[in-house]
Each structure stands twice: as C-alpha cells, then as structure tokens.
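A short worksheet on the structure shown next.
The values are calculated or read from the model by the stated rules, or taken from the named source; none is laboratory data. Quantities reported herein were computed from a predicted structural model and do not represent experimental measurements. Every residue, glycine as well, gets a Cβ built from its backbone with ideal geometry; the counts of neighbours run over all protein chains shown.
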Amino acid sequence: MHIVIQNGWAAARKNFGPGLVLQGLALTLVLLYYFCPPFRDVLQSIPTLQQRMGVWFPIIVTAFFGGFIPFLFQLVRREIPQGMVLKNLLFMLGFWGLLGLSVDLFYKGQAVMFGDQPDAATVIKKVCFDQFVFSPFYSGPLSAISMLWKRHQFSLTKTRAALSRDFFTVEIPSVLIALWAVWMPTMAIVYCLPTALQFPLFNIVLCFWSLLLTALNAKQSVA
C-alpha cells in the first residue's frame, strides 16, 4: 500500500501544473456558459445535433477529440513506430469511440440517479460516484489494459504476460491516485453544467489534456 501511495503521489506532483491548466480551462468554459450568452447559445445547439445523430454522436465526437487529434499530434512529432501508423490510428479511434459511448451513457445514468440540478449536493454525489466507482472499476482498468496492449504493439501474448499481480495491485491503483488529483476538481467543474452539456465539455477537456501530456512527455524525452 505504501508503494502505491508513493508512486501515485509522485505522479500527481508531476501532473500538478498540467492539472491546474486543465481545471482552469474547464472553469473558464463553465463561466463563459453562465455569463456569456453568445457562448451559451453555441453550447446549447450541441444537444440538438446529438439528438439527430443518436448513438453515433458520442462515438464520433470522442473518437475525434480523444483519438484522432492526439494521433495527428503524435504523427507529426514522429512518435509512432514505423509500420504501426494504421494500427495506432484504428486503436485510437476504436478505443476512444467506445469509451465515449460509455461516458455518455454514464452521464445520463447519473442524471437519473442523482438528478440534473447543478447544486452542491448533486455535484458531490456525481463526482464521488464517478471517481470512486466508475473510474476504479471500469474506465481505469479498461484504459490501463488497453494502453498496455498498445504499448506492446497489440501483441496479445506480450500483453497477457505483462498482466502481473503488480500491474493490478500497484500500477493501476497508483495511476488512479494520480488521476484523482487532476480529475476530481475537473469533474466537479464539468458537473456544474446541465447533463446535455457535460459530455461536450468533457471532450474538449479530454482533447486538451491528451495534447498537453503528449507534448510534455515528448519534451521530457528530448531532455
């Protein structure tokens, strides 16, 4: 347990700066929604588009913001191994598309369970359920195993061999602790919006976060 907390805290400190930037972005967008009518009008047009596209909306939007844009960023920086470009593209689109569908359904489910009002009690309930149920038991392990598969160049044999006890008892919990430090405040801000607008804001923040971490990791690799 000590090593989990130690590793998680070290990663949280590393992401402290990017996390503040991410939270600042989310807060700015929420404030613009409540205090800038033109911006609010633009956001309020999104649910209409979502109704027209149906289930394809969360899949396509998250595949684009979470997968395609970061993929292009990595491609331009030549961070993708030779011969793996197409596989990486398909993985990024498929993984983020399916995760986007899951997140959209999750937000709608939370609205049914806890209500759609952005009051303090509702926001706290949603953040706790998000960070302590959805993340550790679904999105966290799914993301960790999927990225492990990607890291091993989509080899099931190598991925299966890497799924050790430490992976589940140390690596994943450590990552969760680091992500809580960044995403708990961020999701509290996201949940201050009506349910129909939480998913679009999540995608904007997700895209920015992916690009920011990619840029920082690339900079550290050069250094």
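Quick notes on this structure:
- Verdict on A111 being among the small types (G, A, S) and either in contact (Cβ under 8 Å) with a residue 60 or more places away in the chain or within 28 Å of V4 (Cβ to Cβ) (or both): yes
- Residue within the stretch 131-138 that is on the phi > 0 side of the Ramachandran plot and out of contact with any strand residue (DSSP E or B) (no Cβ under 7 Å at 6 or more places or on another chain) present: no
- Complete set of residues in the stretch 18-59 that are surrounded by fewer than 11 Cβ atoms within 10 Å (Cβ to Cβ) and among the aromatic types (F, W, Y): F35
- Contact annotation: residue pairs with Cβ atoms under 6 Å, 6 or more positions apart or on different chains, pairing a residue in the stretch 84-98 that is of a type in the set (S, T, N, Q) with a partner that is surrounded by 14 or more Cβ atoms within 10 Å (Cβ to Cβ), are N88/I80.
- The criterion of at least 1 residues that are within 15 Å of L201 (Cα to Cα) is met by the following helices (runs of 4 or more DSSP H) wholly inside the stretch 1-98: 16-35, 37-44, 46-53, 56-62.
- The lone criterion from (1) over 16 Å from the mean Cα position of the chain (by Cα); (2) touching a residue at least 24 places away in the same chain (Cβ under 8 Å) left unmet by F106 is number (1).
- Only residues that are closer than 21 Å to P47 by Cβ and either modelled with pLDDT of 95 or more or under 16 Å from the mean Cα position of the chain (by Cα) (or both) were counted across the stretch 113-134, and they come to 6.
- Boolean, V85 is under 26 Å from Q153 (Cβ atoms) and at pLDDT 90 or above: yes
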